[in-house]
Amino acid sequence: MKINELIESHSELTDTAASKSAVVLMTRIRLARNLAAQPFPGWAKDAQKREIRDQCMQAVAALPQMKRGLAIPVETLDELQKQILVERHLISRELCHAKSGSGIVISKDQSCVVMVNEEDHLRIQVLRAGFQFKKVWATINQLDTDLEEHIDYAFSPKLGYLSACPTNLGTGIRASAMMHLPALVISSQMEKVVRAVNQLGMAVRGLFGEGSDASGSIFQISNQTTLGESEEGIIKHLHGVLTTIVDQELNAREKLLETDPNKLFDKIGRAFGILQNGYLLNSGEAMNLLSLIRLGIDLGIFPDAQRAVVDRLFIECQPGHVQHAAKGAFEPSQRDVLRGERLRAEFAKVVAPDFSHAAK
Amino acid sequence: MANPLKCDLCAKPATVHLTQIVNSKIHKVDLCEACAQAKGVTDPSGFSLADLLLKASLNPEPAGVDTQCESCGFTQQDFKKTGRFGCPACYNHFGALLEPMLDSMHKGSTHTGKVPQRALARKSLYERLTQLETELDQAIKAERYEDAARFRDEISQVRSTSDRKAGAKHED
């Protein structure tokens with residue numbers, strides 16, 4: 001498979017019709033693994049790095065899970081292609097900045113990705129739309145076990161899988177969920193949630209945009225500790241916290257509908273109006289408007305089938321995807337025009353909001 | 001205040017005090033306003049306390065000579081600068097430096113999760129073969145031919161089981 005084919009083809013996140021989950025958009029697990037007796041990527045010489053990359057990419061690409069997928073050195077990708085892969089949550093920004101000797105292997109359905117020579121020799125990652133920790137863990141556990149057949153991992157019975165950074169030591173696992181929490185944001189409860197989650201030893205980040213900008217009320221919540229607890233234990237613990245957050249969000253929605261439904265309907269209705277008629281939309285604003293539409297779908301104001309469209313637009317409104325669709329490099333101001341155009345076209349097809357089901 | 005707390009990162013008076021509980025262990029960080037801002041502590045969308053704790057626990061500078069990893073040449077100074085190690089063997093060389101950090105960073109200091117069974121089995125098989133080959137050599141040199149024959153049989157047996165395993169794997 002070539003990179004352009006991959007970008008054009010259907011992916012787990014942009015084309016999952018089964019995205020019925022109201023709050024959890026995506027489940028993701030990654031494992032950090034390293035080769036025994038080889039320097040970590042940050043310390044290896046260029047020649048060593050390339051050697052390690054060739055060995056890892058060959059072993060990974062040969063796995064049945066990666067059949068007919070994409071295996072490519074990072075330096076052969078242009079900036080826009082890399083940006084698109086980042087926007088699809090397939091690779092990290094750090095990997096984009098890697099100068100040489102790094103690689104990517106992506107499965108055909110874009111649900112399994114292995115980054116080679118990022119911070120660790122291997123960063124194995126599996127993602128699925130919806131709230132699916134069991135399935136994602138089963139998949140990645142198998143992938144890891146199959147890979148172990150061909151690669152000697154750096155492992156210590158006491159410290160577990162050895163990673164470049166001691167914060168990943170042990171299981172090397174980072175389990176995370178991408179959550180849509182508009183009602184907690186609207187009712188200003190998010191700060192409280194972030195503090196509580198942090199105190200439980202988990203991390204919360206805004207997902208889109210640079211740094212921790214939380215446009216679209218989308219947050220990523222993940223475990224922080226990796227040593228001293230089994231993978232299943234870590235996942236179970238995180239799952240429990242996430243379930244509580246889902247309940248909190250649903251309660252907050254109920255509360256908004258009870259106390260001031262008109263204010264909420266006004267927000268959703270206006271978002272629809274702007275998406276149908278706006279001409280200049282930057283990605284932050286687009287995300288926030290789409291977030292309100294998604295909330296509207298969850299409340300029965302728009303048809304259920306729209307959810308998959310909105311989830312796809314969350315990704316396709318990002319700068320890389322906008323430029324790719326318009327086939328060229330564009331300045332931010334030009335992108336706002338293109339984004340507006342795209343969203344007008346999409347929302348011209350959407351039926352007008354019906355608030356009667358949501359109103360009590 | 002008579003004795004104000006100092007920022008963990010720069011030593012200015014600390015005004016932001018953060019507490020995180022991991023597995024009923026309390027971790028505290030004190031920061032000045034500028035460092036808190038820089039680390040994203042005041043950002044409602046969150047930040048990673050683990051990274052902060054890692055960097056903070058590397059200060060102040062412990063006195064003494066710089067130790068170096070024999071396998072890859074990585075130094076303690078390099079670790080303090082980057083917060084990363086140079087190679088898997090660094091975990092042995094810098095064990096003493098690491099041990100106290102693990103407690104504040106993780107839930108425990110001993111791995112209880114997945115073990116790479118296949119890789120370990122392969123390693124032990126390889127070690128067994130090397131051992132048998134050495135013993136075979138010694139037996140031949142000492143002209144203990146009966147022992148040598150036994151070792152030779154054992155080697156071929158170990159080899160054939162590992163081949164069978166590998167062969168079976170390739171078929172499916």
Express the carbon and sulfur contribution to the solvent-accessible surface of the protein assembly as shown as a percent, rounded to the nearest whole number, probe 1.4 angstrom.
-> 52 percent
With no solvent and one point per C-alpha, what does the Debye sum give as log10 I(q)/I(0) for the range A:260-357 at q = 0.11, 0.17, 0.20 Å⁻¹?
-> -0.31, -0.69, -0.92
Mean projected area in nm² (Cα convex hull; one quarter of hull surface) for the protein assembly as shown | 30.4 nm²
For a paramagnetic label modelled at 7 Å from the Cα of A:Lys134 toward its Cβ, which residues of the range A:165-189 fall within the zone defined by backbone nitrogen distances under 20 Å?
-> A:175-178
Mind checking the range A:185-281 for GluC sites (Glu not before Pro) that DSSP puts in a loop (not H, G, I, E or B) and that have at most 11 other Cβ atoms within 10 Å?
-> A:Glu210
Hey, can you find the accessible area per residue of chain A for me, probe 1.4 Å, expressed in square angstrom?
-> 40 Å²
R0 = 22 Å: FRET efficiency of A:Lys255 with A:His357, Cβ-based, nearest 0.05?
-> 0.75
Please report the buried accessible area for the interface of A with B, total over both chains, probe 1.4 Å, in Å² to the nearest 100.
-> 4100 Å²
For the range A:300-309, in order, what is each residue's ³J(HN,Hα) by Karplus, 6.51 cos²θ - 1.76 cosθ + 1.60 with θ = phi - 60°, in whole Hz (x at glycine and Pro)?
-> x, 7, 10, x, 3, 4, 6, 4, 5, 5
Using 7 Å Cα-to-Cβ label points, what is the A:Glu232/B:Asn92 separation (nm, one decimal)?
-> 3.2 nm
Eligible aspartates and glutamates near A:Lys49 by straight Cα distance, threshold 15 Å, same-chain separation 8 or greater | A:Glu75, A:Glu118, A:Glu119, A:Asp120
At q = 0.09, 0.18, 0.20 Å⁻¹, work out log10 I(q)/I(0) for the range A:190-321 with the Debye formula, treating every Cα as an identical point scatterer and leaving solvent out; two decimals please.
-> -0.33, -1.13, -1.27
For A:Glu5 and A:Glu149 in the same chain, what is the full-extension length gain: residue separation times 0.36 nm, less their Cα-Cα distance, in nm?
-> 48.8 nm
Would you kindly state how much longer the chain becomes between A:Asp78 and A:Glu191 on full extension, computed as 0.36 nm times their sequence separation minus their alpha carbon distance, in nm to one decimal?
-> 36.9 nm
The ratio Rg/Rh over the Cα atoms of the range A:60-134, Rh being the Kirkwood inverse mean 1/r radius, stands at 0.95
Here the alpha-carbon Rg of the range B:117-165 over 2.2 N^0.38 Å rounds to 1.24
Would you mind listing how long the range A:243-294 runs along its three principal axes, going by Cα atoms, in whole Å with the largest first?
-> 38, 25, 11
Which of the pairs A:Lys108/A:Lys327; A:Lys134/B:Lys114; A:Lys2/A:Lys82; A:Lys192/A:Lys236 have their Cα atoms more than 18 Å apart in this structure?
-> A:Lys108/A:Lys327; A:Lys192/A:Lys236
Checked the range A:30-183 against the a/c 1.5 cut and the a/b vs b/c comparison, axes a ≥ b ≥ c from its Cα gyration tensor; verdict rounded
Here Rg/Rh (Cα, Kirkwood) for the range A:131-193 equals 1.17
If you count, for each residue, the other Cβ atoms within 10 Å and average over each peptide, how do A:160-172, B:97-109 line up from highest to lowest?
-> A:160-172, B:97-109
What do you get when you divide the Cα radius of gyration of the range A:178-254 by 2.2 N^0.38 Å, with N the number of residues?
-> 1.11
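The values are calculated or read from the model by the stated rules, or taken from the named source; none is laboratory data. This structure is a prediction, so every number in the text was calculated from the model and none was measured. Cβ coordinates were reconstructed from backbone atoms using ideal geometry, including for glycine residues, and neighbour counts include every protein chain displayed. Just the protein is used for accessible areas: all its heavy atoms, side chains included, with ligands, DNA and RNA removed. Shrake-Rupley method; radii C 1.70, N 1.55, O 1.52, S 1.80 Å.
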